[in-house]
Amino acid sequence: MQEVKSICTAFGISPTAITPITQGLINQTYKVTDAGGDAFIVQQINTRIFQQPQQVQQNFVQLRAVLKHYYRMPELIPTAQNELMHTHGNEAWRCFTYLQDSYTPTGAISEELAYTTANCFGEYTRVLSAASPKLHTILPRFHDVSLRAEQLLQAKAGATPERLKLAARCLNELDNYDELLKRYKYWAAHPQYFSQRILHHDAKPSNILFNNKTQSVLCPIDLDTTQTGLCFSDLGDMIRSMVPSHEENDVCFADIEVRQSFLQALTEGYMDATHTLWTAQEKEALAYSGKMLLYMQAMRFLADFLNNDIYYQTKYELHNLDRTINQLTVLRQL
């Protein structure tokens, strides 16, 4: 904790307590309390993923300027030199105010929480699309299905014979979804019907702060992935992660089911917030959101397997292959 304590001084904070927050998967995050009882979030930005942290911080400033009129948002604490972040060696650190009486959901997801989550991120896109803040693109081509198909072909060309043999059945099945790739390419080629919208790109319950007294939404958080994209991304990712009865690492493939009540809750929540935003063509495209994200994620897992697991963290040799089978199992049923 000594390093974190020294980082705090860069933001003018003299901490009396430092508590790691372990829920996040990307950035190292700590809750810091000072002698006066004020609490802050001090966070190291993962520059392996977010290679332009200054742009991430500039985006937050632009986003908060809009969102503060709709949500109770954390404030960005500048450094003593009035910088948006503190650079320590090769590390980038930032600081926010801590919102008291707040929590992020953990554990099982209910249909009610699914609706609330989708409604929250739908409202997020509606509000930001109306305001049109000028944002940096943080993760270029992040949900570009064409790119993921190209990467899978490249991985297939360079794969070992052993892994290629193990992946053969999944590769053949993915070929059956070529219609989805063609559909995505049509969307991307017709911006007059499919506009670039401001989306969160990591929409999930744990990226929302709730009031622990009223259970109401305080604000969306982890805004680093926010950038423009096509309409399907956020709804599709929520369907991919919340509609299946088992999560993406589960290998009990025969037990995986699509929960139609969750699909309905997510779709209704999202459309209740955004129905005035979309073109007629986008509304039709949104029906393919879940399928598109499952298809894309299956390709990403399989490409990483063929590349000898260089991107996703794995716990055993066939982990990425099993993740691919899991995603295809859900896609078949959707």
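Looking only at the chain, where both bridge partners belong to it, what percent of the DSSP beta bridges are antiparallel (to the nearest 5)?
The antiparallel proportion sits near 100 percent.
Take the alpha carbon atoms of the range 266-297, find their center, do the same for the range 179-238, and report the distance between the two centers in whole angstrom.
If you average the Cα positions of each part, the centres end up 10 Å apart.
Mind checking the dipole of the range 275-324: about its Cα centre, +1 per Lys or Arg Cβ, -1 per Asp or Glu Cβ, Debye to the nearest 20?
120
Quantify how much of the Cα-Cα distance distribution of the range 198-293 extends past 24 Å, in percent.
I get 27 percent for the Cα pairs in the range 198-293 exceeding 24 Å.
Step through the residues of the range 227-232 one at a time and calculate ³J(HN,Hα) from phi using the Karplus curve (6.51 cos²θ - 1.76 cosθ + 1.60, θ = phi - 60°), rounding each to whole Hz and writing x for Gly and Pro.
Using θ = phi - 60°, the values come out as 6, 6, x, 7, 4, 6 Hz.
Mind pulling the angle between the C-alpha long axis of helix 145-158 and the longest principal axis of the chain? Nearest 10 degrees, somewhere in 0 to 90.
Compared with the principal axis, the helix lies near 70 degrees.
Working with all protein chains in place, sort Val258, Val243 by solvent-accessible area computed with a 1.4 Å probe, largest first. Please report the intermediate quantities before stating the final value.
Values: Val258 25, Val243 0 Å².
Solvent-accessible surface, decreasing: Val258, Val243.
Net charge within 14 Å of His86 by Cβ-Cβ distance, Lys/Arg positive one each and Asp/Glu negative one each, not counting His86 itself? Could you put the intermediate results ahead of the total?
Values: positive: Lys5, Arg94; negative: Glu3, Glu83, Glu91.
In short, -1.
With +1 on the Cβ of every Lys and Arg and -1 on the Cβ of every Asp and Glu, and nothing else charged, how large is the dipole of the chain about its Cα centre, in debye rounded to the nearest 20?
Details: 29 positive and 35 negative charges, 115 e Å.
Value, rounded to 20: 560 debye.
Of Gln281, Thr324, Met296, which is farthest along the charge dipole of the range 280-334 in the positive direction, counting Lys and Arg as +1 and Asp and Glu as -1 at C-beta?
Gln281
Order Asp202, Asp175 by their accessible area, 1.4 angstrom probe, all chains in place, largest first.
Details: Asp202 40, Asp175 105 Å².
Largest to smallest exposure gives the sequence Asp175, Asp202.
At a probe radius of 1.4 Å, what is the per-residue accessible area of Cys120, in Å² to the nearest 10?
Per-residue accessible area (Cys120): approximately 10 Å².
Using 0.36 nm per residue of separation minus the Cα-Cα distance, give me the extension gain between Thr19 and Glu75 in nm, one decimal.
On the way: separation 56, 0.36 × 56 = 20.16 nm, distance 1.95 nm.
Full-extension gain reported as 18.2 nm.
Can you pull the accessible area of Leu164 for me, 1.4 Å probe, Å² to the nearest 10?
It works out to around 60 Å².
So what are the ³J(HN,Hα) numbers for the range 111-119, from phi and the Karplus equation (6.51, -1.76, 1.60; θ = phi - 60°), rounded to whole Hz, Gly and Pro as x?
Values, residue by residue: 4, 4, 5, 4, 4, 4, 4, 5, 5 Hz.
Could you tell me, in Å, what Rg and Dmax come out for the Cα atoms of the range 277-331?
Spelled out, the Cα radius of gyration and Dmax of the range 277-331 are 14.4, 45 Å.
Putting +1 on Lys and Arg Cβ atoms and -1 on Asp and Glu Cβ atoms, find which of Leu218, Val243, Tyr193 reaches farthest to the positive end of the dipole of the range 141-256.
Tyr193
Hey, if we sort Leu99, Leu263 by accessible area with the 1.4 Å probe, largest down, what's the order? Walk me through the numbers before you get to the answer.
Values: Leu99 15, Leu263 40 Å².
Sorted descending by solvent-accessible area, the residues read Leu263, Leu99.
Over all directions, the average projected area of the alpha-carbon convex hull for the chain comes to how many nm²? Don't jump to the answer; show the numbers that get you there.
On the way: hull surface 71.8 nm².
Result: a mean projected hull area of 18.0 nm².
Positive end of the charge dipole of the range 1-159 (Lys, Arg +1 and Asp, Glu -1 on Cβ, about the Cα centre): tell me which of Ser129, Ala92, Ser14 has its Cα farthest that way.
It is Ser129, whose Cα lies furthest towards the positive end.
Taking square-rooted eigenvalues a ≥ b ≥ c of the alpha carbon gyration tensor, is the range 13-107 rounded, prolate or oblate, where a/c under 1.5 means rounded and, failing that, a/b exceeding b/c means prolate? Walk me through the intermediate numbers first.
Working: a/c = 1.23, a/b = 1.11, b/c = 1.11.
Rounded is the answer for the range 13-107, as its axis ratio a/c remains below 1.5.
Between the range 155-169 and the range 312-334, what is the separation of their alpha carbon centroids in Å?
Centre-to-centre distance over Cα atoms comes out at 15 Å.
What dipole magnitude, in Debye to the nearest 20, does the range 34-172 give about its Cα centre under +1 on Lys/Arg Cβ and -1 on Asp/Glu Cβ?
On the way: 13 positive and 12 negative charges, 148 e Å.
Its charge dipole is roughly 720 debye.
Using only protein heavy atoms and a 1.4 Å probe, report how much of Cys95 is accessible, in Å² to the nearest 10.
0
The values are calculated or read from the model by the stated rules, or taken from the named source; none is laboratory data. As the structure is a computational prediction, the values presented were derived from the model and not from experiment. Glycine gets a Cβ as well: all are built from the backbone with ideal geometry, and neighbour counts include every protein chain shown. Side chains included, ligands, DNA and RNA excluded: accessible areas come from the protein's heavy atoms. Shrake-Rupley method; radii C 1.70, N 1.55, O 1.52, S 1.80 Å.
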